[in-house]
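Everything below concerns the one structure shown next.
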Amino acid sequence: MSNIAVVYYSGYGHTKVVAETFAQSIQADLIEIDQNGDISEQDWQLLNQAQGIVFGTPTYMGAAPWQFKKFADASSKIWFTQGWKDKVFAGFTNSASLNGDKQVTLIHLQTLASQHGGIWVSLGLLPANTKTATREDVNNLGGSVGLLVQTPSDAGVDEIPSGDLETAKLYAKRVKDIVEKIHAS
């Protein structure tokens, strides 16, 4: 049985829906970074005990918002002791536009995982890139480093494209499978 924690920040609720979709599909623990950029001591313990950690954040102005950055900076105490070394990591991001420089945010998440000595899991799905592709198709935004999600700025939390949510479920399964393979022995 894998032990995975999804730690995320959500400004308007869209990223929270993605985090919940991801976590529910593999029974992972959910840890929400609050509006002040903080998590509880109990949440830090969940992350320390997890075999896999998934980072989730919106992309604002081409990067993760300051609340996620505050969490990332606070993890330096764990970095100093190599407490997350060899854990499995993955990540996702959401923004209002199709591109919105989400790749920059994913690379930041991947770099954070690498600084901790972690093992990053790529998306592992082919893109839906034909003329007949729609927003309901899996990986219709063509991600590879991690999960890309797009929610129009005027869309409610119940209007996240189904293809993005289905991609979240498939990515979650991939992360869980890799955690279980690594920790099988």
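The values are calculated or read from the model by the stated rules, or taken from the named source; none is laboratory data. In this text the structure is predicted, and so the values were computed from the model without any measurement. Here the Cβ positions follow ideal geometry from the backbone for every residue, glycine too, while neighbour counts run over all protein chains shown. Protein only, heavy atoms only, side chains kept; ligands, DNA and RNA dropped before computing areas. Shrake-Rupley method; radii C 1.70, N 1.55, O 1.52, S 1.80 Å.
Some points to look at:
- Principal-axis tilt of helix 14-26 within the chain, Cα atoms, nearest 10 degrees: 70 degrees
- To put it simply, the accessible area of the chain at a 1.4 Å probe is 52 percent carbon and sulfur.
- Mean separation of Cα pairs under 8 Å and 6 or more residues apart, divided by the residue count, gives the chain a relative contact order of 23 percent.
- Reach of Lys77 by Cα under 18 Å, taken over lysines that are not fewer than 8 positions away in the same chain: Lys69, Lys85, Lys87
- Label-zone membership for the range 61-101, site Glu136, 7 angstrom Cα→C-beta point, backbone N under 15 Å: none
- Looking at the chain, the accessible area is 48 square angstrom per residue; that uses a 1.4 Å probe and ignores ligands, DNA and RNA.
- Net charge of Cβ neighbours under 14 Å - reference Thr167; Lys, Arg +1; Asp, Glu -1: +1
- Rounded to 5, percent antiparallel among DSSP beta bridges of the chain: 5 percent
- Partner lysines for Lys131 [C-alpha distance under 30 Å; skip if fewer than 8 residues away on the same chain]: Lys102, Lys169, Lys173
- Over the range 2-181, the hull volume per residue, using the convex hull of the C-alpha atoms, is 99 Å³.
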